[in-house]
Amino acid sequence: MIGIIGGTGLSAFLDANLLRTEEFESRFGAPSSEVSICQLHGRDFAFLPRHGHPHRVPPHKINYRANLDVLVRSGVTELIAVNAVGGICGGLGPAQIAIPDQILDYTYGREHTIYDDGSALDHVDFSFPYSGKVRENLASAASRANISVLTSAVYAATQGPRLETAAEISKIRRDGADMVGMTGMPEAALAREMGVEYACIALSVNWAAGLTDELITMHDIEEALAAGMKDVKKILACYIQG
């Protein structure tokens, strides 16, 4: 089954038919929400809002392990994460979309592995953090939807919930990042540990700090979310349709 983790701006998948909701117990604690089993174009998929519904859980408090665990328990084998980001590279202005292929992790203090209870241990290969198959299928879905996307980009995950300083973005840019967000890790690594094919569709909602003379406002972010999320949903619909 395909799974979708909704981020900021996508806390409910209203374009699909809701078949049922499922609640699973997780050994990692409580997830952000129950899992919604939905149907679109005759295909079932699972949906979970990363920040809860309504949007309430900040990035550093999300129980990423429980979220991934309940999606796996619902039958998900391939997972698309929707992430709102700040654009750093030239092709990622507000309302533009990327399908990243690499990650830089600046987060700290988050539960980042399922192998911490002493019962088992595996050092997973994370050289290429996103599933090539899911990324290719997302790019194909974007093409069928006539939506231009960046198909190679580096996602930098920061701690949040505050936005970054201009100096931090300058450093992150020198490190090679094309975008900055707060929820890309440890989600991607946990998906790899759990054996799930995982990829990200990233929507730029603002230029990152210091890249323009303008201050970042929630009003501007919400406008970019409203415009760009329409395209994200079109891509997801094409992906689900297959």
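The values are calculated or read from the model by the stated rules, or taken from the named source; none is laboratory data. Since the structure is predicted, the reported quantities are computational estimates derived from the model, not experimental observations. All Cβ positions, glycine included, derive from the backbone under ideal geometry; neighbour counts span all protein chains shown.
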* Tell me which residues, restricted to the stretch 145-182, are aliphatic (A, V, I, L, M) and at pLDDT below 95. => Leu163
* Asked: Looking at the stretch 66-80, which of its residues are farther than 15 Å from Glu34 by Cβ and either among the charged types (D, E, K, R) or crowded, with 24+ Cβ neighbours inside 10 Å (or both)?
  -> Glu78, Leu79, Ile80
* May I ask you to verify whether Ala226 is among the hydrophobic types (A, V, I, L, M, F, W, C) and in contact with a helix residue (DSSP H, G or I) (Cβ under 6 Å, 6 or more places away or on another chain)? => no
* In the stretch 198-226, what count of residues is obtained for those that are modelled with pLDDT of 90 or more and either part of a helix (DSSP H, G or I) or small (Gly, Ala, Ser) (or both)? -> 6
* the stretch 176-212, subset in contact with a helix residue (DSSP H, G or I) (Cβ under 8 Å, 6 or more places away or on another chain) and under 13 Å from Asn67 (Cα atoms), residue surrounded by the fewest Cβ atoms within 10 Å (Cβ to Cβ) -> Met194
* To do: Test Ser119 against the criterion of being surrounded by 13 or more Cβ atoms within 10 Å (Cβ to Cβ) and over 21 Å from Thr8 (Cα atoms), and give yes or no.
  => no
* Close pairs (6 angstrom Cβ cut-off, 6 or more residues apart or separate chains): without any contact (Cβ under 8 Å) to a residue 24 or more places away in the chain in the stretch 168-188, part of a helix (DSSP H, G or I) anywhere -> none
* Asked: In the stretch 22-52, how many are over 30 Å from Tyr115 (Cβ atoms) and in contact with a strand residue (DSSP E or B) (Cβ under 9 Å, 6 or more places away or on another chain)?
  -> 5
* Asked: Has the stretch 58-73 got at least one residue that is outside any loop (DSSP other than H, G, I, E, B), modelled with pLDDT of 95 or more, among the β-branched types (Val, Ile, Thr) and within 25 Å of His219 (Cβ to Cβ)?
  -> no
* Since Gly75 meets every condition but one in (1) at positive phi; (2) touching a Ser or Thr at 6+ places or on another chain (Cβ under 9 Å), which condition does it not meet? -> (2)
* Under 7 Å by Cβ, and 6 or more places apart or on different chains, what pairs join a residue from the stretch 111-136 that is touching a residue at least 60 places away in the same chain (Cβ under 8 Å) with one that is surrounded by 12 or more Cβ atoms within 10 Å (Cβ to Cβ) and in a loop (DSSP other than H, G, I, E, B)? -> His112/Pro186; Ile114/Met194; Asp122/Tyr115; Tyr130/Pro100; Tyr130/Asp101; Arg135/Ile99; Arg135/Asp101
* To do: Give me a count of the residues in the stretch 31-79 that are under 15 Å from the mean Cα position of the chain (by Cα) and of a type in the set (Val, Ile, Thr).
  => 2
* Which residues, counting only those in the stretch 35-50, are touching a residue at least 60 places away in the same chain (Cβ under 8 Å) and either touching an Asp or Glu at 6+ places or on another chain (Cβ under 8 Å) or within 14 Å of Asn83 (Cα to Cα) (or both)? -> Leu40, Arg50
* To do: Determine which single condition Asn137 fails, assuming it passes every other condition in (1) under 19 Å from the mean Cα position of the chain (by Cα); (2) farther than 21 Å from Ile240 by Cα.
  => (2)
* Structure fact -> Sole miss for Ser26 among (1) out of contact with any helix residue (DSSP H, G or I) (no Cβ under 8 Å at 6 or more places or on another chain); (2) at pLDDT below 95 is condition (1)
* Flag for Pro129 being surrounded by fewer than 19 Cβ atoms within 10 Å (Cβ to Cβ), within 30 Å of Arg27 (Cβ to Cβ) and not polar (S, T, N, Q) -> no
